[in-house]
Amino acid sequence: MRAGAVQLTSSADFDRNVETADRLTRAAAQDGAELVVLPEKWSGYGSAETMSAAADRAPEAIAWAQRTAKELGIDLVAGSIATHGDADRIRNTSLHVGPDGEVKASYVKMHLFDVEVGGREYRESATDEPGDTPVLTHARGADIGLTVCYDLRFPGLFEALDAHVFTLPSAFTLATTRDHWDVLVRARAIEQQAFIVAPNQAGEHDNGMRSGGRSMIVDPWGVVLAQAGEEGETHLTADLDLDELHAIRKKLPALANRRPEVHA
């Protein structure tokens, strides 16, 4: 299976975000990608008002994903989009749309980004409603674990999903991308002996927030198969060889050697 990751600089302009996502998704498919993954909150990213407005138009974003996946015959993990939750909150929702245009799985980001980093405070819990259920989906002979951004810092979720491929749509901050992104993505791939397709937002968004780019696809040995730059909207593709995955798991059976009864 060939996978593609789309790197965007999403803003408050929903139509422009969709147009760019469409162009780069098609470019990835043209390069042979059968699974394409968009970044976190690709349809609208920035202030709370921007993401609430994007949630208002979530049905349009989902309809675009369904049309495009069906037209191109691809599995499309439509990154994550803001959808309306309860009590004026949003849900950070990742969708897997199959090549028939049907939504195969839906995952709501479980871990909310309440931190201070790079001199800025982030409080997703003030606006977002967290999910509470890990989601495993399937495509082209692979088990695919759906995760979003800050989930990367919680290896227990990856272990619970036990997938062949993890999708990680993200909007990692510039500071944490520079210092933590590569290390954490490769670590999760090595620990789980799995592929990770990790598209990130890049550049400056409408409220001064900055994301760090460097979208990447990593193999089960931790080797970076493809990586984008820190800036710019682009796509990248790489082959996910499931035979290689199974060979690695056989030769270095770390997953089989786990002892959850002594370190649960």
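Coordinate-derived values only; no laboratory data. All values derive from a computational prediction rather than experimental measurement. Please note: Cβ atoms are built from the backbone with ideal geometry, for glycine as well, and neighbour counts cover all protein chains shown.
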Response to the item:
Computed over the stretch 181-229, the Cα gyration tensor eigenvalues, each multiplied by 5 and square-rooted, give semi-axes in Å (largest first) of 24, 10, 7
Fill in: Those aspartates and glutamates that a straight Cα-Cα span of less than 16 Å connects to Lys70, excepting residues fewer than 8 apart in one chain
Asp22, Glu34, Glu60, Asp100, Glu102
Fill in: Rounded to whole Hz, the Karplus (6.51, -1.76, 1.60) HN-Hα couplings of the stretch 107-119, x for glycine and proline
10, 9, 3, 8, 9, 8, 8, 10, 8, 10, 8, x, x
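Determine the relative contact order of the stretch 113-264: mean sequence separation of Cα pairs under 8 Å and six or more apart, normalised by residue count, in whole percent.
15 percent
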Discussion item. Using Cβ counts within 10 Å as a stand-in for footprinting exposure, how do Phe195, Phe154, Phe113 rank, fewest first?
Written reply: Phe154, Phe113, Phe195
Practice prompt. Considering the options Ala228, Leu245, Gly213, tell which one lies farthest towards the positive end of the dipole of the stretch 199-264, charges being +1 on Lys and Arg and -1 on Asp and Glu at the Cβ, about the Cα centre.
Written response: Leu245
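Output the Kirkwood hydrodynamic radius of the stretch 2-263, Cα pairs only, in Å rounded to one decimal.
Roughly 18.0 Å, rounded to one decimal.
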Item to complete: Let me have the relative contact order for the chain, percent, based on Cα pairs under 8 Å that are six or more residues apart.
Response: 20 percent
Worksheet item: What ranking do 241-247, 80-86 get when scored by the average of other Cβ atoms within 10 Å per residue, highest first?
Response: 80-86, 241-247
Worksheet item: What order do you get for Leu8, Leu24 when you list them from fewest to most C-beta neighbours inside 10 Å?
Response: Leu24, Leu8
Worksheet item: For the chain, what is the calculated [θ] at 222 nm in deg cm²/dmol (nearest 500), taking -39500 (n - 2.57) for each run of four or more DSSP H residues and dividing by its residue count?
Response: -8000 deg cm²/dmol
Item to complete: Let me know the charge dipole size of the stretch 17-80 about its Cα centre in debye, to the nearest 20, where only the beta-carbon of Lys, Arg (+1) and Asp, Glu (-1) is charged.
Response: 60 debye
Worksheet item: Size of the dipole of the stretch 2-263 about the Cα centre, Lys and Arg at +1 and Asp and Glu at -1 on the beta carbon, nothing else charged, in debye to 20?
Response: 600 debye
Response to the item:
Ranked on Cβ counts within 10 Å of their own Cβ, fewest leading, Tyr150, Tyr122, Tyr45 go Tyr122, Tyr150, Tyr45
Discussion item. 5 Å is the cut-off here: which amide hydrogens, built 1.01 Å from N in the peptide plane, fall below it relative to Ala139, excluding neighbours closer than 5 in sequence?
Written reply: Ile144
